[in-house]
Every structure is written in structure tokens, then in C-alpha cells.
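Let me begin by presenting the structure, written as C-alpha cells, before commenting on it.
The values are calculated or read from the model by the stated rules, or taken from the named source; none is laboratory data. If you're wondering where the values come from, they're calculated on a predicted model, not measured in any experiment. Using ideal geometry, Cβ is built from the backbone for each residue, glycine included, and neighbour counts are taken over all protein chains shown.
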Amino acid sequence: MIDFTSLLDYLKSWGIDFTSILDYLGTFAFAISGIRLASAKHFDWFGAYVVGIVTAVGGGTVRDILLNATPFWMEQPSYLIISGFAVLFVVIFRKQTIRLNTPFFIFDTIGLGLFVVVGISKTLDFGFPMWVAIVMGTITGSFGGMIRDILINEEPLVFRKDIYALACVFGGVAYHICLLFSLATIPTQIISAVTVIVTRLLAVKYKISVPALKADD
Amino acid sequence: MIDFTSLLDYLKSWGIDFTSILDYLGTFAFAISGIRLASAKHFDWFGAYVVGIVTAVGGGTVRDILLNATPFWMEQPSYLIISGFAVLFVVIFRKQTIRLNTPFFIFDTIGLGLFVVVGISKTLDFGFPMWVAIVMGTITGSFGGMIRDILINEEPLVFRKDIYALACVFGGVAYHICLLFSLATIPTQIISAVTVIVTRLLAVKYKISVPALKADD
Amino acid sequence: MIDFTSLLDYLKSWGIDFTSILDYLGTFAFAISGIRLASAKHFDWFGAYVVGIVTAVGGGTVRDILLNATPFWMEQPSYLIISGFAVLFVVIFRKQTIRLNTPFFIFDTIGLGLFVVVGISKTLDFGFPMWVAIVMGTITGSFGGMIRDILINEEPLVFRKDIYALACVFGGVAYHICLLFSLATIPTQIISAVTVIVTRLLAVKYKISVPALKADD
């Protein structure tokens, strides 16, 4: 097996912090999704910026409030700055953005995988059991999009389209299984993130979705 | 007067924890209400499950965040498990659920009474004054339904139908009066819960509701 | 320069706590805006009261949760009482309220300026850097109105009309500049609040608004 820790350390020694890059790309993609939906609702620039931020950091903020931790974005301004770049990007490349749907989708999905893993490992660090960590991973990945949809006054897409929130749960279960087999942290996290990403990619490619729940009408 | 503490202790010695049973029944009824409304909006299974959980634990979670306590549902998985059973129940008995409206309503109302009392006593334990406890009891009882309605993109029913949130306030006032008369904790809590339950039952039976507020148009 | 601290202390010795008066006027105006919108949606009295409270204290509550502080309204009942008076006011003067739009707007704007300053100075007291304080000032000023619009199931006005949230940011930047020039606290806070107020008044008077963000459709 490749020694992932050494590999990441090696990249860092070259000034390449791989996890941060993925985190920033994911933040950018999440912010873009908020900004585009806000602009479709004729929000002004500043409102679209706020929706972009909330989409990008909302899930992690809810997690940190529940864990009684200082919200992560209050510790460094990068997340607000990246969301600002996302606004500029949408404005400058607005005619190209439709053609960019596929890369956005890829970044968004990679971001989802990473956010889930970050949520799980932070929760375990706080001493909570695995089932709380799986819930927190799912909240980290999906509540940003949920709050976005509340702000733009739509029914939350994350609970009605594709396999989105459920992919987060699968990633959490994969994390759990890896820990049961005493895998080291880095491969565990990579397997968990890849599970989220592959689940969502396959679900979208093969149009798999959770069936609507039919109750009485 | 019956010695309620001894009675409850006696039941517990037989393995019957009365408060927990009511708590679980209330959670189940709250979750059912969320799941049914989510399914009417064509949420998928997982989305309906999330709405069920949020309806059941949302009020207590807002209370715990305001009190700076660890959210109660993070300390034992029962609440998520019960919400899971509620999804199964709605799916399996979906043709019967309309006929079950009355028992659901009863459980929901009992749950409401209990949730209010739990909210009040937890807030007093944290050293806050009575008026904060009444507010927290009302939040515990009514904010789950409020968040449910936000998620399914409807105007909150709790502020427009029946006497729901106001019944929580009445229960809090009853709690306060009992304490002023130096009643013991258990009878105080029973009187408070019964006040909530009876207020709501009477309001629904006699179609009493708080009048709409008429302002300028 | 007038010695503002001495002036405020002098007024206080006459029983006039100027900051509290502005705080209460702002709370009253914020609550009125929530109650009027709730009544337009046929909320009942109690629901309108809750929307009024949430509009008035919602921004500061989100700030305090993010700062991990006890929400300010839990420390004294004034805010709930003022919101109660706001309900009575709307009911009693409902035929006059349209003609009172201008004073309401003035109070609301003064309240906004004060809320922003309170949010900034509280955040700095907690040891956070200036950029976090500017964000918290903006949240304190604008999130109450945002939650109000979510509760009444409308798209948040604060991100689509006038210069509202952005005025809060300008006030924060003014605060920052004053501190860079080593101004004392009181004049800094007055300049910051006045910046918010003047920005909003000018924006409304000259119908200046942030342009809608145009993205792909």
C-alpha cells in the first residue's frame, strides 16, 4: 500500500497542501451553486455572496455549533475570500458557466466527499461515538445546500434529488468499517471520501435516486 | 395526594420507565407528523426521515444550543432509531394512517406536554429564571414543528392553527404557579404537562384558536 | 471634540441611559416590522408576537451562538416585553400605522446602526479579529430580518431591496478605519452607527440598490 501520510507530507514540503486545495475547491464549488441559484432568484450581488458563503460554510457551521466548537470559518478568512472569488467568477464567466456544469459538478462532489470526512474526524476528535460522527459528516456535507434552499425559498433539493445526503451516510459507514478493520487514518479517510464521491457519481450517471416516500394523501 | 415519585420508582423497579415511554411516544408522534408532511411534498425516503428527525428533536436542539448544552439526541441514539421506525410505520401502514389520525393526535399532544416540561426543568437546572424556562419550554414544544414547516417550505402551522405554541406557554405558567405554592417537582410537572395537553385538546375540540392579527394591509 | 463619554455619563446621572433607549427603540421598530409582515400573512396574535421577537432578537442570537455566548435576551426580559408592546401597538393603532411608516423607518434604521455597533464591539471583546467583528455586526443587523422572511415564507428582502446588509458592512469598515486612526471607543462607535444610518437613508432616498446578479438562466 502507498504510504499516504508520507506522500501528503512530501507534497506539503513542496508547498502543496493537498487537503487544503481540495477543501478550497469544494468551498468554491459549493459557493458557486449557491450564487447561481440566488442569481436565478434575482438576489443582488451582496445577497448572492451571502447565499454563496452560507452554502459553502453552512453545514460545517451547524456541525460546529452542535459540537460546541468555534465555527471553522471564524478562524481564518479564506472561506469568505473564496466565496468572494466565486461571485466574481459567476459574473465574469456567466456565459460560460453552463458549459462548465460538468467541472462544477465534479468539484462539488469532491468537496462533498472531503466535507463529510472533515465532519466525521472532527466529531471523533471531540470524543463522540461513531454514530454521532456519521450524523455530523452528513450534516457537514448536506446542510449547507439545505440552508441555501431555505434562503432562496425552495424545498430542499438535497432531500429530493439524486443520492446526496445518503451518499454522506454511505461515506460514514465506510469510515466506520475501515476503523473496525483497524485501518490507519489517512487510508480510512480516503476510502470514506471516495465512497461518497463514487456513490454520487454513479447515482447521477445511472439516474439512481431514493424513491419518493408514498404516504396517505 | 398520591406519592408520584414512589409510584414512578415502583414502576421503574418493574422495568417500566414511565417518563421515557412518554418521551418515546411523543418523539414517534412528532416524527410521524414530519414524515407525513414530507411525503405529501414528494420528499424521498431519506429526506422524509430527516424531516421526521428534525420535527422530533428540533425544538429540544434549539433549546440546548441556547442553553449551551450538548444537544440531547447526541447522547443516545434512541431518537434517531425511533424516527427510523416512524418512517417504516408510515410506509407499512400508509393506508391505515388516515384512520389513525386520532391516536397520532393524542400521542402528539402528550408528547407536547412532556416536551414542554422537559424544556422547563432543564432550563431551571441550568440556573435560569422562570421566564426563560417558560420560553424554553415553548421552544422545546413548538420549534420542531416550525423547522419542519420551514423545511417543507410552508408557513409555520404552529403560529396559525389551533392553540399550539400558546398551550406551551400556559403549561409554563402552570409550572410557575405550582412552584409559587411550593409544590414538589413531580406533581408540578404533571400539572404543567396536563395543562398543555388539556388546553390543546379543548382548543381542537371546540375549535378555539387565537384570532388572526389584523394590521394594515 | 465633544467628550461623548462624559455626555453619556451625565445623561445617565439624570436617569437617561441613551444607548438603552436607542436599543429599545430599535428593538421596537424591528419587532413592528416582523409583526406587520406576519399579520399580512394572517398569522395569529401569538404567531405574530413570535415573529416580532425573532425579528428583533434573531440577529443578535445568531451572533451570540456563533460567539458561544449566552444569547443577550436571556439575560433580561426587556426584549420580550418590548415585542409584546409592539403587538399591542400594531393592534391599537392599526389604522394609523401606514401613516407612521416614516417614523418606523427612522427607528428601524437607527436600530440597525446600533445593532451593528453592538455586534462589532461584543465580538472584539471576545478577542476575535476585526474581519470577524464586521461579519458579526452584519449578522446582528441583518439576520433578524432574514429569519423573519424565512418564517413568513418569503425570499429574504434584506438581500434584494435597498442597501441593507451592505450598509452594515460599511459601518463595520468605518469602525475599522476609526480604530486604525486610534480613535476612542465612543466616537468610533458613533461614527460607525452613523455610517450605517446615513448609507441606508441615502440609499432609500435616492433609490440606490445593489444591482441584481445576472448569471446564466
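Does A:Pro156 satisfy the condition of being surrounded by 24 or more Cβ atoms within 10 Å (Cβ to Cβ), without any contact (Cβ under 8 Å) to a residue 12 or more places away in the chain and either facing chain B (nearest Cβ under 10 Å) or over 28 Å from A:Ile53 (Cβ atoms) (or both)?
On the way: surrounded by 24 or more Cβ atoms within 10 Å (Cβ to Cβ): yes; without any contact (Cβ under 8 Å) to a residue 12 or more places away in the chain: yes; either facing chain B (nearest Cβ under 10 Å) or over 28 Å from A:Ile53 (Cβ atoms) (or both): yes.
The answer is yes for A:Pro156.
Contact map, the range B:79-98: first residue of a type in the set (Val, Ile, Thr), second residue in a helix (DSSP H, G or I) and at pLDDT below 85, Cβ cut-off under 9 Å, separation 6 or more or different chains; pairs are B:Thr97/B:Phe104.
The residues in the range A:162-189 that are in a helix (DSSP H, G or I) and under 23 Å from B:Tyr49 (Cα atoms) can be counted, and the count is 12.
Scanning the range B:159-187 for residues that are aliphatic (A, V, I, L, M), away from chain C (no Cβ under 13 Å) and touching a residue at least 24 places away in the same chain (Cβ under 8 Å), we see that the one that is farthest from C:Leu37 (Cα to Cα) is B:Ala184.
In the range B:73-82, of all residues being within 17 Å of the chain's Cα centre (by Cα) and aliphatic (A, V, I, L, M), the one that is nearest to the other protein chains (Cβ to nearest Cβ) corresponds to B:Leu80. Any residue at all in the range C:74-85 that is of a type in the set (S, T, N, Q) and within 24 Å of C:Val204 (Cα to Cα)? Within the range C:74-85, none of the residues are of a type in the set (S, T, N, Q) and within 24 Å of C:Val204 (Cα to Cα).
Can you name the condition, by its number, that B:Tyr206 falls short on among (1) farther than 15 Å from C:Lys41 by Cβ; (2) modelled with pLDDT of 90 or more? Of the numbered conditions (1) farther than 15 Å from C:Lys41 by Cβ; (2) modelled with pLDDT of 90 or more, the odd one out for B:Tyr206 is (2).
Considering every residue within the range B:190-203, establish whether at least one is in a helix (DSSP H, G or I), of a type in the set (Lys, Arg) and more than 14 Å from the chain's Cα centre (by Cα).
Checking the range B:190-203: not a single residue is in a helix (DSSP H, G or I), of a type in the set (Lys, Arg) and more than 14 Å from the chain's Cα centre (by Cα).
Does B:Ile150 qualify as being closer than 26 Å to A:Phe143 by Cβ, aliphatic (A, V, I, L, M) and buried (at least 18 other Cβ atoms within 10 Å of the Cβ)?
On the way: closer than 26 Å to A:Phe143 by Cβ: yes; aliphatic (A, V, I, L, M): yes; buried (at least 18 other Cβ atoms within 10 Å of the Cβ): yes.
So B:Ile150 passes the test.
Pairs meeting the criteria (first residue in the range B:201-217 and over 30 Å from C:Thr97 (Cα atoms) and within 14 Å of chain C (Cβ to nearest Cβ), second residue surrounded by 12 or more Cβ atoms within 10 Å (Cβ to Cβ) and modelled with pLDDT under 80, beta carbons under 7 Å, at least 6 apart or on different chains) are B:Ala203/B:Asp162.
Here the condition is being facing chain A (nearest Cβ under 7 Å) and among the aromatic types (Phe, Trp, Tyr); of B:Phe28, B:Phe89, B:Phe46, B:Phe85, it holds for B:Phe46 alone.
Among B:Thr61, B:Thr55, which is under 22 Å from B:Gly113 (Cα atoms), at the interface with chain A (Cβ under 9 Å from one of its Cβ atoms) and polar (S, T, N, Q)?
B:Thr61
Out of contact with any Lys or Arg (no Cβ under 8 Å at 6 or more places or on another chain), of a type in the set (A, V, I, L, M), closer than 26 Å to A:Ser33 by Cα and touching a residue at least 12 places away in the same chain (Cβ under 8 Å): does that describe C:Ile190? Give the steps one after another, and end with the answer.
Values: out of contact with any Lys or Arg (no Cβ under 8 Å at 6 or more places or on another chain): yes; of a type in the set (A, V, I, L, M): yes; closer than 26 Å to A:Ser33 by Cα: no; touching a residue at least 12 places away in the same chain (Cβ under 8 Å): yes.
Answer is no for this residue.
The residues listed here are A:Met130, A:Met146; of these, the one that is touching a His at 6+ places or on another chain (Cβ under 8 Å), within 13 Å of chain B (Cβ to nearest Cβ) and touching a residue at least 12 places away in the same chain (Cβ under 8 Å) is A:Met130. In the range C:96-116, of all residues being closer than 17 Å to C:Ile35 by Cβ and surrounded by 14 or more Cβ atoms within 10 Å (Cβ to Cβ), the one that is modelled with the highest pLDDT corresponds to C:Gly111.
Residues to consider are A:Thr70, A:Thr97, A:Thr109; find the one that is away from chain C (no Cβ under 14 Å) and of a type in the set (Ser, Thr, Tyr). Steps first, please.
Values: A:Thr70 fails: away from chain C (no Cβ under 14 Å); A:Thr97 fails: away from chain C (no Cβ under 14 Å).
Every option except A:Thr109 fails the conditions.
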